[in-house]
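Asks: Below: one structure in C-alpha cells.
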Amino acid sequence: MPSSSAPSLKFASDYSKAIADALREKEDGPPKLRSKEERVQDAYRALLFDDPHVESDEACRLLAKELVGGNKKYALSERLVEGLRQATARMEVIVVAKKAPEQQEEQAVEKDDDEDEDPDAEWKTVGRATTVGYAMLAVAVFCEIPLKCCQARDLQTVQSLLGSYRGPRHAANEKQRVEDILEEKMKALKFEKKMEEEQKQQEGKQQEQVVQQPASNNDGDGSKYKEVWADESDPSDFVFESDAAKDIDWSAWDDTSFDPESLSKPITDDGWPEVQQAVSNLLTDLTHSKFVPLNATLWKRHNLSDSLTQLTLTLLVEQGNTMAEALRQWSVQPINVLRDHILTKQPGQQQPHLDTDARSCLVDYLSLIQSLIAVDAAQDDPKADMAPASIVGLASLSSVCTQAKQLKEIPKIRKSALESCEDLCSLVERALSSVSNAATSAASGEAVTSWVPLVWAFLPLLELISYTQPDGTSLHTIRTVTAADSQWLLNSGLFRNLIMLYVKTAPYSSSAEEVARQHLLQGLQMLSLQSMTLLGKYAWRVPDLNTLIHEEGYQENHAVDGLMWSLMGQQLAGSSVLRMRNVKLVTPDSSRESAIRQWEVLCQTVVGALKTLGELRLKPTKNKEHSKDWKEPIAELGRFSNCLVSCAALPALWQEAMTKTSLEQHLLPMKEALSNLPPAPSATTTDGGGKESASASVAKTAENDKAGDPLERPKDSFEQEVGMVRKAIKIVTMSLQQEESSMR
C-alpha cells in the first residue's frame, strides 16, 4: 500500500502544477511582441544600473549597432559605459571559471554532498549566453567607436559618437568619479542615515528593558539570553514612517536620469582635449578578455581583425591627425588584442589551439607587423630617431618569434621575419648612427644605450632564423639554413649591419652592454655555423670581427664561443686567408690548435666546478657563501653538446680537430670528478652516534610522500648540473664515434 501511494502523490503534484501553469498562461495571454526600438531602450536602461543584466544577445547586438551606426538617437553615457564595464568584468570571471568537461566531471565526483551550492549557479547557466552579447557591445564601445573617433576630422562627429560620456576627469580621484556617477544614491543614503539614528535611539531604550527580564531568571549567565532576546526584539526588523523624507529633494529623481535619449545627447561645449580624454578612457578597456566569448563566426562578422588593424595603423602611422597623435600611447592596446587572440588557450588544452580562424588572425597579425616595421625605412631624415611604429612592430615580431615553437608555426613566422629583413636593416642602421655619435652624446651628458634594447629584440629573430635556442637545442627538425635564405640575409644587409653593430660597440662601458653584445655574437655565430659556405665565410672575412674573436681575453672569458669559432676556422681559414695589416694570420692548423686549447680550458673549468659542487654537498650551509659562477662552465659545456646535435656541420669539424685518444685524456679528469662526488644530502636526522634514527627515517619518508608541501625546505643536491655533465660527456663521445664510423 505505501508503495502505490507514493506514485499517486507525485502524479497529483505534477498534475496540479501543470494545471496552474496552464491557467497562468491563459490569464497572461499570448506574449507581446516588442518592437526593435523598445528592445534597444530596455537594453540601454538595463546597463544603467549596477550589476546589469540584459535580456538577450539580440538586444545587445541591436544596441551595439545603434551606438556605432549613423543614428544619432543613441550614444554613450557615463552610466552606460560603467554598466558595460561591470558586465564584462562579471563575464571575465565566468569565462575564466570555465573548465574542460573532464575537469568538471572530476570535480563533480570529488564534491562533497554537504557542500553548499553556488548561489549564482543558475545565473551562470542561464546567463552564459549573454556573455556573447556583452562581448559584442564591448567591440562597439571599446574598439569601433574609438576607431571612428580617430578617423573623424570634425569635432561634431566625435561628440555625436561619445554622447554625454567624457570619462573620469581625473583617474586618480576615483572616489569623486563614483560620487558624480551615483549622485542620486548618495542622496538616498542621507535618508537612510537619519532613519538609522532614530532606530538607534529606540534600540537604546528597549534593549535595557529586554535584557533585565532574562537576567533575573538565570544564575549569572544572562549574557547568553541577552543576545537572543535582543535579536527577537530588534526594532530594525520593522520599518516605520518618518518625517525625514521631507528633507530630501526629490526633484532630482525624474525620468530623465534613466532616459536613453536624454543621456545620449552630446556635450557640445567641450573641445578636442575633452573628447581626447574620453576616447583615451575607452581605449584603456580595450583588452582581449572582453572578446573571449566571441567565436570564429562572430569574430569574422564584426571584422574585428580589420578594425584592430586599422585602429593600430591610425594611432601609429597616420600623420596630421590631432586625435591619433594625442592617443599614440594607447597604440599597443589593439595589437595586443590580436596577439592574445592567437595565443588564447582553449579549455582543457595544454597549448594554444590554432584553428583556421586563429591561423587567419596570425596572417593578419604578421602582415600588420611588417607594415609597422616598414614605417622607419620610409623616413627621409637619416638622423631622425626610430619611428614609434617600427619600434612597436619590432617588439611584436620579437614576441611572436618566442612563441613560434609553442604555436607550431615556425615556417610561417620565420618567413615573415625574413621578408622584413630590408626594413629591419634600416633599424640597425639608425642604431649604428647613434653609436657613431656616442662621443658627442657622452660629452653633452646623454646616455647612449639605445642599441641595447634593439639587440635584445633581435635575438629571438636570430634564433628562429638559425633554428637554434639560446641553450643550443634545436627549434625545428631542419638543422641548416638554406642557401637562398643565407643569400637574402646578405643581400638585405642585415647580417652585415649586425656584425658592424657588434664591432662598433667594442669599447662597452657597462655589464648590460657586454651581455647584450655577447648574446648578439652568439646569434651571429649560430647563423654562421648553419650556413658555413655563405654566412660563415662572410663573417670570417670581416677583419675587425676576426681580430676580436682571436684576442686572448675573449678566448679566456668565452671558452665555448672561442672553441666553435676555432672549429669553423679549420675550414674557413683555408679558403680565405687574411693577409691584411694589423690582422693576425689565421690558418687551419692554428685554428685546430686553438680549438684543442679551448677544449682543455673548458674541461679544466668544469672539473673545478664539480669540485665546488662536491664541497657544497658536504656542507650545504656554505651555499650562501659561494656565488653561482661555478654553474656557468657546466652550462657552457651543455650548450656545446647541444650544438653538436643541432648544427649539422659542427660534428665533422669536431672530428677533424679531435682524436679519440686525446678526447679520452681530456674527459678522464671530468669522469673522475663525477665519480668522486659525495652523495646528495639526505634530509634525515641522526642520533648521537651519527646513525639515522628509525623514527626520524619513517617521519621523513612520510614527509617526502607529501607532494608539493609548501613548508618543506628544498634541498640543494644539484642533480640537474650533474646530469648535464654526464649527458654532455656522452654526446661529445658519441659524436666523435659516429663521425669515425661514417668515414670507415
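Asks: When you scan the range 66-87, how many residues do you find that are touching a residue at least 60 places away in the same chain (Cβ under 8 Å), open to solvent by 10 Å² or more (accessible area, probe 1.4 Å) and either in contact with a Gly (Cβ under 7 Å, 6 or more places away or on another chain) or in a helix (DSSP H, G or I) (or both)?
Replies: 5
Asks: Which residue, of L524, L461, L454, is assigned to a helix (DSSP H, G or I), touching a Ser or Thr at 6+ places or on another chain (Cβ under 7 Å) and not β-branched (V, I, T)? Even if it seems obvious, please write down each step before you answer.
Replies: Details: L524 fails: touching a Ser or Thr at 6+ places or on another chain (Cβ under 7 Å); L454 fails: touching a Ser or Thr at 6+ places or on another chain (Cβ under 7 Å).
After applying the criteria, what remains is L461.
Asks: Quick one: which residue in L501, L490, L535, L521 is of a type outside the set (S, T, Y) and open to solvent by 10 Å² or more (accessible area, probe 1.4 Å)?
Replies: Values: L501 fails: open to solvent by 10 Å² or more (accessible area, probe 1.4 Å); L535 fails: open to solvent by 10 Å² or more (accessible area, probe 1.4 Å); L521 fails: open to solvent by 10 Å² or more (accessible area, probe 1.4 Å).
So the residue among L501, L490, L535, L521 that is of a type outside the set (S, T, Y) and open to solvent by 10 Å² or more (accessible area, probe 1.4 Å) is L490.
Asks: Continuing with the same structure: Among the residues that make up the range 677-694, is at least one of them part of a helix (DSSP H, G or I) and either open to solvent by 90 Å² or more (accessible area, probe 1.4 Å) or modelled with pLDDT under 50 (or both)?
Replies: Yes, because at least one residue in the range 677-694 is part of a helix (DSSP H, G or I) and either open to solvent by 90 Å² or more (accessible area, probe 1.4 Å) or modelled with pLDDT under 50 (or both).
Asks: Looking only at residues that are assigned to a helix (DSSP H, G or I) and open to solvent by less than 10 Å² (accessible area, probe 1.4 Å) in the range 318-343, which one is nearest to L394 (Cα to Cα)?
Replies: I335
Okay, residues lined up against (1) open to solvent by less than 20 Å² (accessible area, probe 1.4 Å); (2) closer than 16 Å to A140 by Cβ; (3) more than 27 Å from the chain's Cα centre (by Cα); (4) not hydroxyl-bearing (S, T, Y):
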site	(1), (2), (3), (4)
P273	no, no, yes, yes
F291	yes, yes, no, yes
A296	no, no, no, yes
L316	yes, no, no, yes
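Asks: Would you check if there is a residue in the range 90-103 being at pLDDT 85 or above, crowded, with 18+ Cβ neighbours inside 10 Å and within 10 Å of Y134 (Cα to Cα)?
Replies: no
Asks: Of all residues in the range 622-647, how many are modelled with pLDDT under 90 and either of a type in the set (G, A, S) or within 19 Å of L475 (Cα to Cα) (or both)?
Replies: So the count comes out to 1.
Asks: Considering D57, D42, D51, which residue is at pLDDT 80 or above and open to solvent by 80 Å² or more (accessible area, probe 1.4 Å)?
Replies: Within the list D57, D42, D51, the selection yields D51.
Asks: Going through the range 374-422 one residue at a time, which ones are open to solvent by 10 Å² or more (accessible area, probe 1.4 Å), among the charged types (D, E, K, R) and not in a loop (DSSP other than H, G, I, E, B)?
Replies: K405, K412, R414, K415, E419, E422
Asks: Let me ask something additional. Tally the residues that are at pLDDT 90 or above and either more than 29 Å from the chain's Cα centre (by Cα) or in a helix (DSSP H, G or I) (or both), restricting the search to the range 464-480.
Replies: Residues in the range 464-480 being at pLDDT 90 or above and either more than 29 Å from the chain's Cα centre (by Cα) or in a helix (DSSP H, G or I) (or both): 3 in total.
Asks: A follow-up question, please. Are there any pairs, at least 6 apart or on different chains, whose C-beta atoms fall under 9 Å, with the first in the range 280-296 and in contact (Cβ under 8 Å) with a residue 24 or more places away in the chain and at negative phi and the second among the basic types (K, R) and assigned to a loop (DSSP other than H, G, I, E, B), and if so, which?
Replies: Correct list of pairs: N281/R166; P293/R128.
Residue-wise test of (1) among the aromatic types (F, W, Y); (2) free of Cβ contacts under 8 Å to residues at least 60 places away in the same chain; (3) touching a strand residue (DSSP E or B) at 6+ places or on another chain (Cβ under 7 Å); (4) farther than 19 Å from L462 by Cβ.
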| position | (1), (2), (3), (4) |
| --- | --- |
| D357 | no, no, no, yes |
| A377 | no, yes, no, yes |
| V392 | no, no, no, yes |
| T402 | no, yes, no, no |
| K408 | no, yes, no, yes |
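Quick grid of which residues meet (1) open to solvent by less than 30 Å² (accessible area, probe 1.4 Å); (2) at pLDDT below 90; (3) not in a helix (DSSP H, G or I):
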| residue | (1), (2), (3) |
| --- | --- |
| L548 | no, yes, no |
| G553 | no, yes, no |
| L567 | yes, no, no |
| V586 | yes, yes, yes |
| A595 | yes, no, no |
| K611 | no, no, no |
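Asks: So which residues in the range 569-584 are modelled with pLDDT under 70 and in a helix (DSSP H, G or I), if there are any at all?
Replies: Across the range 569-584, the qualifying residues are G574, S575.
Asks: Tell me which of these K290 doesn't satisfy, since it passes every other one: (1) at pLDDT below 85; (2) not in a loop (DSSP other than H, G, I, E, B).
Replies: (1)
Asks: Let me ask something else. If we keep just the residues of the range 504-513 that are under 12 Å from V435 (Cβ atoms) and not in a loop (DSSP other than H, G, I, E, B), which is most open to solvent (accessible area, probe 1.4 Å)?
Replies: K504
Asks: For the condition among the polar types (S, T, N, Q) and either under 38 Å from the mean Cα position of the chain (by Cα) or closer than 19 Å to M564 by Cβ (or both), what is the one hit in Q655, Q665?
Replies: Q655
Asks: The conditions are (1) under 30 Å from M724 (Cα atoms); (2) modelled with pLDDT under 95; (3) touching a Leu at 6+ places or on another chain (Cβ under 9 Å), and L427 fails exactly one of them. Which is it?
Replies: (1)
Asks: What are the pairs with Cβ atoms under 7 angstrom where one residue, in the range 634-654, is without any contact (Cβ under 8 Å) to a residue 40 or more places away in the chain and the other, located anywhere, is outside any loop (DSSP other than H, G, I, E, B) and polar (S, T, N, Q)? Sequence gap at least six, or different chains.
Replies: none
Asks: From A559, A483, A516, grab the single residue that is of a type in the set (G, A, S), surrounded by 17 or more Cβ atoms within 10 Å (Cβ to Cβ) and under 27 Å from I369 (Cβ atoms).
Replies: A516 is the lone residue from the list that is of a type in the set (G, A, S), surrounded by 17 or more Cβ atoms within 10 Å (Cβ to Cβ) and under 27 Å from I369 (Cβ atoms).
The values are calculated or read from the model by the stated rules, or taken from the named source; none is laboratory data. All of these numbers come straight from a predicted model, not from anything done at the bench. Virtual Cβ from ideal backbone geometry, glycine too; neighbours counted across all protein chains shown. What goes into the accessible areas is simple: the full protein's heavy atoms, side chains included, and nothing from ligands, DNA or RNA. Shrake-Rupley method; radii C 1.70, N 1.55, O 1.52, S 1.80 Å.
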